[in-house]
Structures are given as C-alpha cells and as structure tokens.
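Here the structure is laid out as structure tokens; the discussion comes afterwards.
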Amino acid sequence: MRRGTLTLRGIAGAAVLAALPVVVTTPAHAHDEGKVHATVTPSSADPGAKVEISVTGCDGTTGSAGSGAFTGDAKLTGRDGDKYALNGSAKIRDGVEGSYDVTVICDGHPHQGVGTVQVGRHQQEPVSPVRAGGGGTAQLAAHSQETGPGTRHAVIGLVLAGVAAVAVAFRSVRRRRSE
C-alpha cells in the first residue's frame, strides 16, 4: 500500500516538474502587447498633411511607426521609451481616405493596431469667430437665428418702466409732505 502511494506521489511530482519549465519560460518569451500605445496628432488629417506620432510603452530609444495612410515609415526617437515617449513624424499619402491602423516596431517586435489615424478632406471653419463681419463669419451670420426683443419683452419693459415712474412719483409726493 505504501508503494502505491509513493508511486502516485512520484508521478504527480514528475508532472509538476515537467510543467514547471513551460510555466516559467512562457512569460519570459511572451511580449506584452498591451503596453505600447501610439497617439497621432492631429488624429484626423487631410491627404498631404504632416502628422506627429508619439509612442509610449517601448523599451529603448528608437523604433518606427507605419500605416497604410503614411507615405513611408516614421522613424521614432527619444529617451528610454519605457519612461518617456518616442516621437516622430509622417506625411499622409495623397488619394487616401478613411480610418487607418498604426503599427509600431520597437523592442524588436511589431505592435499592430496600437493607434489610429483618420484621413479625409476637412473644411476649415472658425471655431469661435469674432462678430466683426467678413471672412468666415459671413456663413455663420446667414445661419444665425438671433432676433431683437419680441412683443413679450416690450410689454415687460413697459410694465417695469411704469412701476419705476410710480415709485419716483410716490417718493416725490412723500418728500413734499415731510417738508
């Protein structure tokens, strides 16, 4: 009976030891895909425009970023990418439109889909135009719904003016009586 228990324990121990190197070496060979992130500025650009790429999560000081929207790979440089961002720039190809994934190569590994860039023709409009007329504000003035005071505002104003006139007259009468 003791032999059966010892044999069973020996087989279980051998199975644990056989599986242990696989468990220990797997994390060493696996590459952390989730820590690398690319930010494209501006995130939405016209064909022919220049964009800046900032990548965090890479070890080392160099790398490259590529996308179907770029004319070529962007060379990334920086200080110790694990603590600081690696930066580079790229030009958007002519004739492209839509959303494109950004692939980064750093640490000797490709990191696919770690960022996106939106490409399309954009019309530049003023964000908050000054009401001085001319320029880009003419379009906004055409769509403006602003109007002057209405009938309701006029009636309220007349009532308030009447109340003020009565208050002034009442006060004048009181002063005359007290003198």
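Brief remarks on what is shown
- Check on G95, touching a strand residue (DSSP E or B) at 6+ places or on another chain (Cβ under 8 Å), touching a residue at least 40 places away in the same chain (Cβ under 8 Å) and part of a loop (DSSP other than H, G, I, E, B): no
- The condition of being in a strand (DSSP E or B), closer than 12 Å to H37 by Cα and not charged (D, E, K, R) does not hold for V117.
- Residue, farthest from H111 (Cα to Cα), within the stretch 39-80, restricted to residues that are charged (D, E, K, R) and assigned to a strand (DSSP E or B): K50
Values quoted throughout were computed directly from the atomic coordinates according to the rules given, and no laboratory measurement underlies them. Everything quoted here is computed from the prediction, not taken from an experiment. So basically every Cβ, Gly included, is an ideal-geometry build from the backbone, and we count neighbours across all protein chains shown.
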